[in-house]
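The values are calculated or read from the model by the stated rules, or taken from the named source; none is laboratory data. Note that the coordinates shown come from a computational prediction; the quantities given were computed from them, not determined experimentally. Because the Cβ atoms are built from the backbone with ideal geometry, glycine has one as well, and the counts that use them run over all protein chains shown. The protein model used for the area step is the full one, side chains on, heavy atoms only, and it has no ligands, DNA or RNA in it. Shrake-Rupley method; radii C 1.70, N 1.55, O 1.52, S 1.80 Å.
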Amino acid sequence: FLRRHGVQFHWHNRGYRDFDDFLATMRSSKRKAIRKERREVDRAGLELRTLTGADLDVVDLEAFYPFYRATVDKRWGSAYLTRDFFRRLATSFAERIVLVTARQDGELVGAALNLRSGDTLYGRLWGCRKEFDFLHFEACYYRAIDFAIAHGLARVEAGAQGMHKLQRGYEPVLTQSAHYIRDPGLALPVKRFLAQERRSLEHEMAELRQLLPFHREHRD
């Protein structure tokens, strides 16, 4: 098998008491920026709730389906999940779902769907019906951190892409996957490419860590 590396952005829980305790590890300018973003969401008159387990029902997950479709359409993706899939999540998987909903005057305008394991929260899907400044950051990143701290989870995995995650406390992490190529004529150049890519990623990781918003003593 050929091993390929990539980069994702994860938030790590270092025993924080609450969100402010986490913010205390950041430089002053970054703390102020995040607090401002959260205040802007409050000022928009949005009601945000984090639902899981018994708080969830089929209606909540069915209501998320149009948001999933809107995001797929916006990104020219393929909508491989169905409305029935989300309905089944609510009936058989509710204890593993963490759904952050945003409502304006009672109307659902945005939502973020996460899945949780014993020690990790996985950010998976997001969608919104209207555009609100910083709602994406609040629903997908900050509320996920709030939940992880409150429930003693070790980390939040926010997935690949998104340099903006760095400035919000999500750290670059090397990931890996294994691939078997039967044709040796194809496997050899792929192997060479992966070695080159790995060296490039090591340099990129070092640069990304320099961009983290934490005080120096909190970067490791």
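Things worth noting here:
- If only residues of region 173-207 that are modelled with pLDDT under 95 and among the β-branched types (V, I, T) are counted, the one that is farthest from M163 (Cα to Cα) is T175.
- Of all residues in region 10-33, those that are closer than 18 Å to C140 by Cα, touching a Lys or Arg at 6+ places or on another chain (Cβ under 8 Å) and free of Cβ contacts under 8 Å to residues at least 40 places away in the same chain total 1.
- Output for region 189-201, where each listed residue is without any contact (Cβ under 8 Å) to a residue 60 or more places away in the chain and open to solvent by 90 Å² or more (accessible area, probe 1.4 Å): R192, F193, Q196, R199
- Of the strands (runs of 3 or more DSSP E) that lie entirely inside region 66-183, those containing 2 or more residues that are in contact (Cβ under 8 Å) with a residue 40 or more places away in the chain, touching a strand residue (DSSP E or B) at 6+ places or on another chain (Cβ under 9 Å) and surrounded by fewer than 17 Cβ atoms within 10 Å (Cβ to Cβ) span 97-104, 155-160, 171-179.
- When region 25-53 is filtered for residues that are of a type in the set (G, A, S) and surrounded by 14 or more Cβ atoms within 10 Å (Cβ to Cβ), the ones remaining, listed by number, are A33, A44.
- Residue list for region 54-64, filter: surrounded by 17 or more Cβ atoms within 10 Å (Cβ to Cβ) and of a type in the set (D, E): D60
- Search result, residues across region 31-53 that are of a type outside the set (D, E, K, R) and under 15 Å from A112 (Cβ atoms): V41, L46, L48, T50, L51, T52
- The residue that is surrounded by the most Cβ atoms within 10 Å (Cβ to Cβ), counting only those in region 13-24 that are touching a Gly at 6+ places or on another chain (Cβ under 9 Å) and under 20 Å from R209 (Cβ atoms), is F22.
- Output for region 1-12, where each listed residue is open to solvent by less than 50 Å² (accessible area, probe 1.4 Å) and over 18 Å from the mean Cα position of the chain (by Cα): L2, H5
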